[in-house]
Each structure stands twice: as C-alpha cells, then as structure tokens.
Amino acid sequence: MVVPGVPLATRRKIRPYKLGLVAVIVAGVCLYGGFQSQDHHAATFFSRRRLQDTAPDNKPTEECTTEKKDPPTTTVAALNAAGLVYMFLALAIVCDEFFVPALDLISEKLNLSPDIAGATFMAAGGSAPEFFTSMVGAFSVPPSDVGIATIVGSAVFNVLFVIGACGLAAPKILQLTWYPLARDSTFYIVHLVALCVWLYDGEIQWWESLVQFFLYVAYCVFMVYSESVEAKLNDRLDYSQLDTDGDGFISKKEAQQDAEVNRRFDGLDQNKDGKLTLEELKSMFRTRRKLRQASAELNDEADPDSDPVNLSPPFGQGCRAMVYWFFSLPLLIVLVLTVPDCRREGCWKSLFPITFILSILWVAVFSYYMVGFSEVVGDWTGIDTRILAMTLIASGTSVPDLLTSVIVTLQGNGDMAISSSIGSNIFDVTVGLPVPWLLNSLYTGRPILVNTTPETMGIQIGSLIMMLLLVVLSIKCCKWVLSAQLGSVMLVLYVAFMTVTIWQIMQEPPQCA
C-alpha cells in the first residue's frame with residue numbers, strides 16, 4: 001500500500017527506518033522459529049505435502065506423498081533471510097522511484113479524475129508487491145496459497161493495525177471524512193463475501209475469477225459517479241442537521257445553528273416564504289464544501305515528486321544515511337541502468353510507457369525471489385508457508401507504509417492514510433487474487449485448487465468481515481472520529497485475529513495440497 005499524496009522526499013527519508021523495522025521482524029521470526037525447531041531438525045527431516053496426481057475430471061486424488069528433505073543449514077537460512085529483507089527494500093525502491101511516477105504520468109495523459117486514478121493506477125502502484133506475490137503462488141508447481149495468505153494478512157494489517165496505529169499516533173482525536181470510508185468499506189465487504197462463496201468448495205473456477213474481477217470493474221464505474229453521489233448525500237446530511245424538527249424545512253430559528261445560513265437567510269429564501277428548502281440551500285452547501293476542500297489541498301500541497309534518482313553519496317547527513325546508501329546503491333545502479341526515469345527533463349518524460357513495463361518486470365522478479373527466500377526461511381524454521389505469508393510477507397509489504405501513514409497522521413492528514421488502507425485492499429481482493437487465478441485456469445484448463453481447508457478460509461475471511469464491520473460501526477458510533485482508545489482496541493483485535501488464524505492453520509489435518 002502506498003499512501004497517495006505523501007511527498008517522495010518524505011518516503012525517501014523514512015525508508016531506512018522502514019528497512020530497519022522489516023529487518024527486526026524477519027530476525028524475530030527466524031529466532032522464534034530457530035528455537036522452536038532445533039529439536040525437530042535434529043530428530044527428523046522437514047516434511048512437505050505435495051499433490052501426487054490429478055484425476056482426469058480435474059479432481060485431486062486421495063493419494064498424497066510426503067517428500068522428505070534435509071532442512072537448509074543455518075548459514076543458508078541466514079542468507080535467505082537477508083535476501084528477503086533486501087527484496088523488501090528493492091520493492092520499495094522500484095515502486096517509489098519508477099512505478100508510481102510512471103502511473104502518475106499515465107493518469108495525467110488519460111485525464112483521469114483523482115478518484116478514478118486512485119482506484120485504478122494508484123491502487124495498482126500500492127498493491128504491486130501483493131499482486132505479483134499472488135501471481136508467483138498461482139503459477140508455482142504445485143500451486144501455493146501464499147498469494148491468498150499474503151493478501152488476507154495484508155488486509156487485516158491495513159484494516160486493524162494501520163488504523164489502530166494512526167489512532168494512537170494522532171496528536172488529537174482524528175476527525176474522519178465519512179463518505180470515502182463508508183463507500184470503500186461497503187464495496188470491500190461485498191467483495192469479501194463473494195470471495196468466501198468462491199472458496200467454499202476448495203477450488204476456483206475460471207468464471208468465478210472473472211466475476212470477482214468484474215466486481216472491481218463495477219467499483220471503478222461507480223467511482224465515475226462517486227463525486228455526484230457524495231454531493232447529494234452530503235447535501236441531505238447537512239440539511240438534516242439543521243432540520244431539527246424533521247418537517248422538511250429550515251425555519252429562521254433553526255437557521256441560527258449555522259452562522260452562514262443565518263446571515264444569508266433572506267437571500268437564500270428565493271420564494272420569500274420564511275422557510276428554506278434543500279434546493280435553496282444546495283448551492284451554498286456545495287460551494288462551502290468546495291472552499292474547505294480547496295483550502296485543505298492548498299495547505300497540504302507539497303512539491304511534486306520530480307526529483308530523479310540521485311546516486312551521489314549523502315555526505316554530511318550522518319552515518320545512518322551513508323550505511324543505507326551503501327546497501328541500496330547496487331539496487332539503484334541496476335534500476336537506473338535498466339529503467340528510464342520518466343521524471344527527468346527532456347525526452348525522458350515521453351518514455352513513461354517503457355518505465356511502466358520495465359518497472360512491472362522488476363517488481364515481478366523481486367516478488368519471485370521474495371517468495372523463494374521466504375520458503376527457505378520457512379523450511380528452516382518449520383513454520384507453515386501460509387503463516388509466514390500472513391505475517392512476515394504481509395507485514396513486510398505493509399509495515400513500510402505503516403510508518404508513512406503514521407507520519408501523515410502526525411501532520412494532521414490521517415484521513416488520507418485511513419481511507420487508502422481500505423481502498424488498497426479492494427484492489428488486492430478483486431485484482432490481486434482473481435487475475436492470477438484466471439490466467440492460470442486459462443493456461444492449464446483446470447480450476448485453482450486451494451490447499452487451505454474451507455473451514456479455515458471461512459474463519460479467516462469471515463473474521464475479517466466481522467472486524468471490518470466492527471471498525472466502521474465503532475467509528476460511526478463515535479461520530480466519525482478515531483480516538484486513541486479505539487486505536488488500542490483495533491491493535492488488540494489484530495493480535496486476536498492473527499492468533500486464532502495461526503492456531504487454526506496449525507490444527508489442520510494432513511491433506512492433499
């Protein structure tokens with residue numbers, strides 16, 4: 001998830017902290033898994049269930065084989081853990097420095113509105129790592145649930161942990177804009193319910209993937225009319241707040257609640273009947289909202305992200321900056337030599353389609369190695385790959401932007417971060433999962449088989465739906481404000497969700513993958 005509107009300079013400045021936090025998480029997982037698995041490694045081999053055969057009717061046979069192999073050595077596991085952290089850094093760099101700038105130019109060339117650009121290209125930029133992780137899982141042999149687990153884990157992290165952290169970090173009670181949160185939450189719940197239906201029988205048909213993707217198309221179509229829908233709903237909301245007696249008119253006494261309405265009452269009363277209707281107040285409501293929005297955008301306006309990649313050492317910026325530059329320099333050199341920076345002046349800007357394609361390829365390569373490194377770490381620790389995907393990979397792709405969300409919250413722009421937390425999940429569920437499934441089904445001619453049992457998947461997604469409803473209803477009951485107390489509750493819910501989900505996966509009986 002990339003929080004839109006955050007200056008590139010800010011993202012560059014906090015990137016070393018992101019890398020350090022991800023490294024701590026990876027180290028913690030390795031230490032925990034290492035201590036838990038020492039006796040296991042000494043006594044037996046690590047076992048991995050594999051699907052032995054597929055029947056002619058595309059149903060898995062009951063015969064499964066357990067492939068035993070030596071676990072990786074500690075040195076190999078440590079190198080792969082370091083490689084995993086490095087891939088998180090690589091994904092952050094290629095998305096921030098190349099992919100997102102190319103998407104900005106594409107949106108500009110197509111004259112897309114901010115809502116449409118945010119729902120399509122910016123969502124793609126923020127969810128690219130999750131999308132290609134899902135692609136790797138769908139086309140691995142045998143197909144893996146790492147994509148599902150990563151997206152579910154990332155969704156829970158964004159909905160509960162990020163919003164909870166923003167609530168705790170906010171210097172004061174955070175007033176939220178109700179409409180984007182309610183709109184995206186409604187669509188997201190519908191998309192999750194549909195996903196539950198497709199996963200119920202343990203396999204995904206090609207047409208189910210297609211329907212799930214068309215739900216994203218429907219969301220984008222709605223976004224075309226979202227602004228007018230929001231205006232009409234806000235008109236009625238503002239009007240109902242003044243209409244205290246519920247008679248459908250605003251009297252002179254009721255108008256005293258709003259200083260501007262009270263001052264302009266006679267001018268707004270076009271038919272001079274001593275009462276104001278919604279039609280008479282609509283123009284004033286919308287003008288006032290536009291002025292407030294323009295003022296907020298002017299205060300939050302930042303320099304455009306036009307600074308190209310700079311390979312020069314950060315002299316005079318401290319030891320930490322030099323260490324980060326040293327480790328990121330190989331990545332930057334490779335990317336600068338292979339991907340044109342469309343933020344440079346001159347003919348470089350016209351190369352944004354090439355930047356877009358090449359950055360996608362690099363995101364795919366980095367995601368492939370990220371999944372591979374995590375599997376080796378999982379083999380060494382003895383932790384199920386799905387658990388690693390829900391915790392390590394999901395947090396690795398989401399924790400970096402957690403810091404960005406907290407920073408913009410401290411700057412008073414937490415509404416932006418919270419709205420994007422749910423908005424990016426819509427892309428994950430309606431594009432990140434079904435598109436790889438659809439491509440795999442069309443290529444192989446078979447449905448996608450889900451290794452996780454329907455009961456476990458139902459508990460995971462059902463719990464996510466319930467917690468999302470709880471979050472939105474709690475914020476609504478608090479009159480669309482997010483307090484530190486509510487943030488603390490969300491963090492507790494995140495821990496509870498992950499604990500129950502991990503326990504459920506560990507209790508699954510051996511079965512064909």
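No lab work stands behind these numbers, since they all come straight from the coordinates. All figures in this text were calculated on a predicted structure; none of them were measured in a lab. For neighbour counting, all protein chains shown are included, and Cβ atoms are generated from backbone atoms with ideal geometry for every residue, glycine included.
Which FRET efficiency value, to the nearest 0.05, do you get for Ala231 and Val197 by plugging their Cβ-Cβ distance into 1/(1 + (r/R0)^6) with R0 = 41 Å?
Step by step, r from the Cβ atoms, then E = 0.75.
Counting only Cα, what are the radius of gyration and maximum Cα-Cα distance Dmax of region 197-241, in Å?
So, for region 197-241, Rg and Dmax equal 17.3, 49 Å respectively.
Measure up Lys172/Lys232; Lys172/Lys252; Lys13/Lys109 against 32 Å on the Cα-Cα distance and list the ones that go over. Before the final figure, lay out the partial values.
Numbers: Lys172/Lys232 30 Å; Lys172/Lys252 35 Å; Lys13/Lys109 29 Å.
Distance filter (> 32 Å) returns Lys172/Lys252.
Could you run the Karplus curve 6.51 cos²θ - 1.76 cosθ + 1.60 with θ = phi - 60° over region 422-430 and give me ³J(HN,Hα) per residue in whole Hz, x for Gly and Pro?
So the Karplus estimates, Gly and Pro as x, are 7, x, 5, 5, 4, 5, 4, 6, 9 Hz.
Treat each spin label as a single point 7 Å out from the Cα along the C-beta direction, and report the Phe222 to Leu470 distance in nm.
With each label placed 7 Å out from Cα toward Cβ, I get 2.4 nm.
Residue-wise, which Karplus ³J(HN,Hα) couplings in Hz belong to region 191-199, taking 6.51 cos²θ - 1.76 cosθ + 1.60, θ = phi - 60°, and x for glycine or proline?
5, 5, 4, 4, 4, 4, 5, 5, 7
Between Thr244 and Phe139, 0.36 nm times their residue separation minus their Cα-Cα distance comes to what? Present the calculation step by step, with values, prior to reporting the outcome.
On the way: separation 105, 0.36 × 105 = 37.80 nm, distance 5.95 nm.
Here the answer is 31.9 nm.
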